Amino acid sequence: MAYKIITDLCNGCAACESECPNHAISHAGKVYTIDASKCVECEGSYDTPMCADLCNTDACVPA
Ligand code: SF4
Ligand code: SF4
């Protein structure tokens, strides 16, 4: 499983990008995306998916 970012909910705040332990989050302009092949739902790093915890707009959700 992996997480994804709902583009319409993302405001481009960038809070999630630097905190992803697997560097799965990147952006082109203000469009942030999660590379599903890199996202391990933070297993081994955090108890809960960090991007979802950090996101103020609930844009990070299970894919
Ligand atoms: S759930 Fe964790 S590993 Fe997956 S994109 Fe979010 S911060 Fe990165
Ligand atoms: S934390 Fe949420 S609103 Fe901010 S860039 Fe990431 S997905 Fe977008």
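Taking only protein heavy atoms into account and a 1.4 Å probe, give the accessible area per residue of the chain in Å².
On a per-residue basis, the chain sits at 63 Å².
Expressed as a whole percentage, what fraction of the accessible surface of the chain belongs to carbon and sulfur atoms when a 1.4 Å probe is rolled over the protein heavy atoms?
50
With label points built 7 Å along Cα→Cβ from the Cα atoms of Thr57 and Ala14, find their separation and express it in nm.
It works out to 1.5 nm between the two label points.
So who's got an amide H within less than 5 Å of the one on Lys4, skipping anything under 5 residues away but keeping other chains? H placed 1.01 Å off N, in plane.
Sorted by chain and number, the residues that satisfy this are Val61, Ala63.
Given Cα pairs under 8 Å that are at least 6 residues apart, what percent is the relative contact order of the stretch 3-62?
Working: 91 pairs, mean separation 26.8, N = 60.
So the answer I get is 45 percent.
Per DSSP helix of 4 or more residues, -39500 (n - 2.57); summed, then divided by the residues of the chain. What does that give at 222 nm, rounded to the nearest 500?
My calculation for the chain gives -1500 deg cm²/dmol from helical runs alone.
Over every pair of different alpha-carbon atoms in the stretch 3-62, take the mean of 1/r and invert it; report that Kirkwood radius in Å.
On the way: mean 1/r = 0.0895 Å⁻¹.
Result for the stretch 3-62, one decimal place: 11.2 Å.
Specify which residue in the list Pro49, Pro21, Ala36 is farthest towards the positive end of the charge dipole of the stretch 3-62, using unit charges on the beta carbon of Lys, Arg (+1) and Asp, Glu (-1), about the Cα centre.
Ala36
The values are calculated or read from the model by the stated rules, or taken from the named source; none is laboratory data. Because the structure is predicted, anything quoted here is derived from the model rather than measured. Neighbour counts run over all protein chains shown; Cβ positions are idealised from the backbone, glycine included. Heavy atoms of the whole protein, side chains included, go into the accessibility calculation; ligands, DNA and RNA do not. Shrake-Rupley method; radii C 1.70, N 1.55, O 1.52, S 1.80 Å.
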